[in-house]
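What follows is a short report on a single structure.
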Amino acid sequence: MNRTLRCRWLLLALLLLYWPVQADALPSWNDSAPKAALQSFVDEVTRNDSPQFVPVAQRIAVFDNDGTLWSEQPAYFQVLFAFDEVRRMAAQHPEWKTTQPFRAVLENDQQALAAAGMDGLMKIIAATHTGMSSEVFEERARAWFERARHPRTGKPYNQMIYQPMLELMDYLREQQFKVYIVSGGDSGFMRAFTEQVYGVPPEQVIGSLFVTEFTRVDGKPTLLRTARLAHNDDGPGKPESIDAIIGRRPLLAFGNSDGDLQMLQWTAAGPGPRFMGLVHHTDARREWAYDRQSTVGRLDKALDEARQRGWTVVDMAADWRRIFPFDNPSKEPTP
């Protein structure tokens, strides 16, 4: 080998050795269509020479929480929190032993709970979520996250989060998106954990709200949570609160149920490139499989519209290498 050729080979070896290798920003996503669509969209709106470039101030991403960022089975976690609070508070409310729907919670009577319906659930929520200051409620929520465990995995509820979505939020923040949570859950309940778990600060968490009243307790200014619902942040309530609080139409929206449909529609109706995504729960082995007939996180009309309009539907079994942070990653889709 002559000297010139040796020099070329040496130069090539040095280039290969020191050339920066770009890490995969979404390692828990399989190399399937949803991952490619996300990366293509982000590149399109953030690359300076792109005809679809979007200024940083307009890069708004919104995510539902239940079923989109963390699990929601066997019931919404906020409902399970409310049931645990009834059990914890029962000694101070002896009348609950004979009063429905509290008796049903204390006796774990699923049939009686089902018969109580939404009205019964709202009585439980009011008893465990209101009549206290905002600070006291968030302290109770944090204490529950410390002690409560998921009935199937044995993990704290705030570890039942989706690793691929954590990566997606980090990826978007690296590309100077501002990430919001827009969910039907109680704002105070979510704010007890979202900053620590998702990196989303309380001012970027939008949820359902009870009317709060300014008062003084022992001379100290206090915001008292009352039993009156101020805003139901579900269905059409989501775009309404986005407009009222954020003031910008999102570039990207992710949900998992019919309760997210109007948020996705509102996002899609904006000019220029938009990304609308749905998490489809298809993995009965690693998580749960449910959609059209589910009483929790029902996905029916939104799934049909997503397919008709070409929105991205993430098939958990096929598109996610890992679901929870505590899972072992798998390179192959779940059969």
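Okay, here's what the table says:
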quantity	calculated
Mean Cα-pair separation over length for the chain, i.e. relative contact order, pairs under 8 Å, 6 or more apart, %	21
Relative packing of 158-170, 88-100, 247-259, which averages over residues the other C-beta atoms within 10 Å, highest first	247-259, 158-170, 88-100
Added length on full extension, which subtracts the Cα-Cα distance from 0.36 nm per residue, Ser32 to Arg149	38.8 nm
Formal net charge of residues neighbouring Gly272 (Cβ-Cβ distance under 11 Å; K, R +1; D, E -1)	+1
Per-residue SASA entry for Glu240, accessible area with 1.4 Å probe, Å² rounded to 10	110
Two-site FRET efficiency, Asp300 against Met89, from Cβ-Cβ distance with R₀ of 41 Å, rounded to 0.05	0.70
Net charge of Cβ neighbours under 9 Å - reference Leu172; Lys, Arg +1; Asp, Glu -1	+1
Volume per residue that the Cα convex hull of the chain spans, once the total is divided by residue count, Å³	187
On Cα atoms only, tilt of 163-174 relative to the major axis of the chain in degrees	70
Out-of-range pairs (alpha-carbon distance over 25 Å; input Lys155/Lys178; Lys155/Lys301; Lys35/Lys178; Lys238/Lys301)	Lys155/Lys178; Lys155/Lys301
Carbon + sulfur, % of accessible area of the chain - ligands and nucleic acids excluded, 1.4 Å	52
Surface per residue (accessible, 1.4 Å probe) for the stretch 72-169, Å²	48
Per residue, in Å², the accessible surface of the stretch 191-314 once ligands and nucleic acids are set aside, probe 1.4 Å	47
C-alpha long axis of helix 33-46 to longest principal axis of the chain, angle in °	80
Zone of Ala57's modelled label, taken as backbone nitrogen in the stretch 262-302 under 18 Å from a point 7 Å along Cα→Cβ	271
Distance (nanometres) between label positions extended 7 Å along Cα→Cβ at Asp170 and Glu213	4.6
Packing-based ranking, highest mean first, of 188-195, 297-304, 212-219, 321-328 given that Cβ atoms within 10 Å are counted	188-195, 297-304, 321-328, 212-219
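The values are calculated or read from the model by the stated rules, or taken from the named source; none is laboratory data. Being a predicted model, the structure only gives us computed values, none of them experimental. All Cβ positions, even for glycine, are placed from backbone atoms using ideal geometry, and neighbour counts span all protein chains on display. The accessibility values were calculated without ligands, DNA or RNA, using every heavy atom of the protein model including side chains. Shrake-Rupley method; radii C 1.70, N 1.55, O 1.52, S 1.80 Å.
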